[in-house]
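Taken together, the values in this text are just the output of simple stated rules run on the coordinates, not laboratory data. All of these numbers come straight from a predicted model, not from anything done at the bench. No Cβ is skipped: glycine too gets one built from the backbone with ideal geometry, and neighbour counts run over all protein chains shown.
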Amino acid sequence: MPASQNTVGIYIHIPFCERKCPYCDFYSATSDESEFDRYIAAVCSRMETYAQTIQRKVDTLYFGGGTPSIIGAKRLCTLKNAVSSCFHLDSPEITVEVNPAKNDFDFELLRKNGFNRISIGLQSANDNELQLLGRLHSVSQADIGIQKAQAAGFDNISLDLMLCTPQQTKDSLLRSIAFCAEHHVQHISAYILKLEEGTPYWQNRTKLHLPDDDEQAEVYLFACEQIENYGYKQYEISNFSQKNRQSRHNLKYWHDEEYLGIGPSAHSFLNGKRFYYGRSFDDFYADTITADGTGGDTEEYLMLGLRLSEGIRSERFKKRFGFDIPDIYFQNAEKMKKYGLVKTDQNGFQLTRSGFLVSNAVIAEILKND
């Protein structure tokens, strides 16, 4: 178990969508109102069970999907209030993912019930790109959704962008980035499209005419530079924020801290153990949990922490483990430094943007222990 960790985050998966996007591999299904209510009852029951054994404060709560907004603000508030009754919330960041196609969504009810962060799946500010991505919303609907969230009092809003999608150009990407900045949102996530096996995009990959690896690298570096030009600082491979507006919940993952995940396909890391629910409603309703080994060792900590722009810092490492960063990791990082993939100093090391592009390979080299 991570040393001196007194708080825990909670992730609640809302596995419902009106329609599956052709690139998406997250677990979700179409359903109806009765299934929504059955699912909420099951989530509340699981929380009551965990509350009997988890005697720690909760400082982040994240509703992801799927499409959480599809179940409506009232049901989301029911879930949030159930968490409040089961756990002690400690000045929590409470995030919900929202599909901007649902313009009748009640942001005001969420805000009144303590939600304080909205993550909107914009993906692009170009209607032709949205159509090719199979998104249900238009740019104008996204505009309306953002304005409604802001009018309801939300001052911590994140927008998702996808990079290297069909028909995307540098000019269209610039329009998407400018759209985010012009709406004065506090956070931008920018992910390179990844083809997931089994999705329609994977099956049609030869017809999509997507950028090759070199072109993807160029687009990524271009996007990072342009987003930062608008005053957002990169703090993780795919995430940028205004000052003090990083996603506190996601930072738990990257700092290798503990969290509880509830719902089909949701993973947890508690008391030094990793476990998860299978990708099915049956497994979740039956409370079938699969053990996934231990977590929180030095290698895992480095692997996750190197996703962050700050990288691995000696002070944080020693506070966590009680000893200094092993010399072998510094030595391996120095070897990567000459290729422009890593920066090092006496207090730690971190990946450069070029290193982020090949992060898996670079991290594997740093973790070599032979």
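Note on 294, 53, 165: ascending count of other Cβ atoms within 10 Å places them as 53, 294, 165, the fewest first. Checking every one of the trypsin sites (Lys or Arg not before Pro) in the range 175-245 against DSSP loop status and a limit of 10 other Cβ atoms within 10 Å picks out 243. Rg then Dmax, both in Å and based on the Cα atoms of the range 124-235: 14.6, 45.
Please report the relative contact order for the chain, taking Cα pairs under 8 Å with a sequence separation of at least 6, and give it as a percent rounded to a whole number.
For the chain, the relative contact order is 15 percent.
Net charge of the neighbourhood of residue 154, taken over other residues with C-beta under 11 Å away and scored Lys/Arg +1, Asp/Glu -1, is +1.
In the range 250-296, one over the average inverse separation of all distinct C-alpha pairs is 10.9 Å, which is the Kirkwood hydrodynamic radius. If you take all other residues with their beta carbon under 15 Å from the beta carbon of residue 128, and give Lys and Arg +1 and Asp and Glu -1, the sum is -1.
Among the GluC sites (Glu not before Pro) in the range 173-272, those placed in a DSSP loop whose Cβ has at most 11 other Cβ atoms within 10 Å are 197. Each listed q (0.06, 0.08, 0.12 Å⁻¹) maps to a log10 I(q)/I(0) for the chain, found by the Debye formula over equal Cα scatterers with no solvent: -0.23, -0.42, -0.99. As a proxy for reagent exposure, 140, 354, 241 were ordered by neighbouring Cβ count within 10 angstrom, fewest first; the result is 140, 354, 241. Measuring from each cysteine beta-carbon in the chain, the ones with no other cysteine beta-carbon under 4.7 angstrom are 17, 44, 77, 86, 164, 180, 224.
Placing unit charges on each Cβ (+1 for Lys and Arg, -1 for Asp and Glu) gives the chain a dipole about its Cα centre, and among 360, 202, 244 the Cα reaching farthest toward its positive end belongs to 244.
Think of each Lys and Arg Cβ as +1 and each Asp and Glu Cβ as -1; about the Cα centre, that makes the dipole of the chain roughly 660 debye.
How much mean residue ellipticity at 222 nm does the chain get from its helices, if each DSSP H run of length 4 or more adds -39500 (n - 2.57) and you divide by all residues, to the nearest 500 deg cm²/dmol? That calculation yields -11500 deg cm²/dmol at 222 nm. In summary, the lysines within cross-link reach of residue 233, defined as a Cα separation below 16 angstrom excluding same-chain residues under 8 places away, comprise 243. Taking θ as phi - 60° and the Karplus parameters 6.51, -1.76 and 1.60, the scalar couplings of the range 88-100 work out to 8, 7, 10, 6, x, 8, 10, 10, 9, 7, 10, 8, x Hz in sequence order, x denoting glycine and proline.
Rank 151, 164, 55 by how far each Cα sits towards the positive end of the charge dipole of the range 43-186 (+1 on Lys, Arg Cβ; -1 on Asp, Glu Cβ) and give me just the farthest. The Cα lying farthest towards the positive end belongs to 55. The ranking of 60, 169, 298 by Cβ neighbour count inside 10 Å, starting from the fewest, reads 169, 298, 60.
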